[in-house]
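The structure under discussion appears below in the form of structure tokens.
The values are calculated or read from the model by the stated rules, or taken from the named source; none is laboratory data. As the structure is a prediction and not an experimental result, all values here were calculated from the model. Don't worry about glycine lacking a Cβ; one is built from the backbone with ideal geometry, like all the others, and counts go over all protein chains shown.
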Ligand SMILES: Cc1cc2nc3c(=O)[nH]c(=O)nc-3n(C[C@H](O)[C@H](O)[C@H](O)COP(=O)(O)O)c2cc1C
């Protein structure tokens with residue numbers, strides 16, 4: 001069995017989760033930035049990580065996801081400033097699932113990730129985003145140990161699905 005763990009990460013949060021997933025995966029594995037993946041074949045499962053941007057998948061990650069050949073088994077993970085299991089990351093996953101219509105999606109995992117100060121300041125200036133700015137500030141210490149442990153549990157669940 002072979003796994004690819006690939007991610008897009010601007011400030012390192014999603015990369016941390018990718019590394020936790022890689023640590024938990026006991027298949028042969030490659031860990032790569034999504035921009036560095038040229039060949040999607042030869043893997044029994046591909047883990048794909050992205051930070052939620054504007055309630056969605058960042059364009060650079062979306063463009064790569066669109067290139068994955070039909071029928072591949074994938075599992076998504078993301079980090080986001082907003083609360084876990086909230087509506088905002090859910091929208092991003094729905095977008096990712098839309099991009100992956102031709103893929104076999106085994107599952108998805110999300111946890112919070114520290115939001116860059118410049119983003120929080122910009123959010124605060126716009127009253128429309130004030131509630132979200134408060135939520136974003138609360139992500140300061142994430143991903144934390146619990147998040148990374150949960151990511152490992154997710155990885156194990158996904159491996160069990162591949163083997164089934
Ligand atoms: C341009 C931009 C837009 C963002 N939009 C959202 C958003 O819509 N919802 C959310 O929960 N977090 C949002 N965030 C926060 C990031 O998803 C979060 O900080 C993430 O952990 C960053 O991951 P990275 O360090 O791997 O880049 C945004 C961050 C940036 C930079």
remark   = Scanning region 66-93 residue by residue, those within 13 Å of the ligand (Cβ to nearest atom), touching a strand residue (DSSP E or B) at 6+ places or on another chain (Cβ under 9 Å) and either closer than 23 Å to residue 156 by Cα or in a helix (DSSP H, G or I) (or both) turn out to be 77, 78, 79, 80, 84, 85, 88, 89, 90, 91, 92, 93
query = When residue 134 is evaluated against the numbered criteria (1) free of Cβ contacts under 8 Å to residues at least 12 places away in the same chain; (2) under 15 Å from the mean Cα position of the chain (by Cα), which criterion, by number, is the only one it fails?
reply = (2)
query = If we scan region 49-58, do we find a residue that is modelled with pLDDT of 95 or more, more than 16 Å from the ligand (Cβ to nearest atom) and outside any helix (DSSP H, G or I)?
reply = no
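Suppose we filter 151, 122, 136 for residues that are part of a helix (DSSP H, G or I) and in contact with a strand residue (DSSP E or B) (Cβ under 7 Å, 6 or more places away or on another chain); which single one remains?
From the options 151, 122, 136, the qualifying one is 151.
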query = Restricting region 1-22 to residues that are more than 9 Å from the ligand (Cβ to nearest atom), farther than 16 Å from residue 36 by Cβ and surrounded by fewer than 21 Cβ atoms within 10 Å (Cβ to Cβ), which is nearest to the chain's Cα centre (by Cα)?
reply = 2
inquiry  = Conditions first: (1) surrounded by 16 or more Cβ atoms within 10 Å (Cβ to Cβ); (2) under 21 Å from residue 24 (Cα atoms); (3) more than 10 Å from the ligand (Cβ to nearest atom). Residue 99 passes all but one, so which condition is the exception?
reply    = (2)
query = Say we look at region 26-46 and pick out the residues that are surrounded by fewer than 22 Cβ atoms within 10 Å (Cβ to Cβ) and in contact (Cβ under 8 Å) with a residue 60 or more places away in the chain; which of these is nearest to residue 76 (Cα to Cα)?
reply = 44
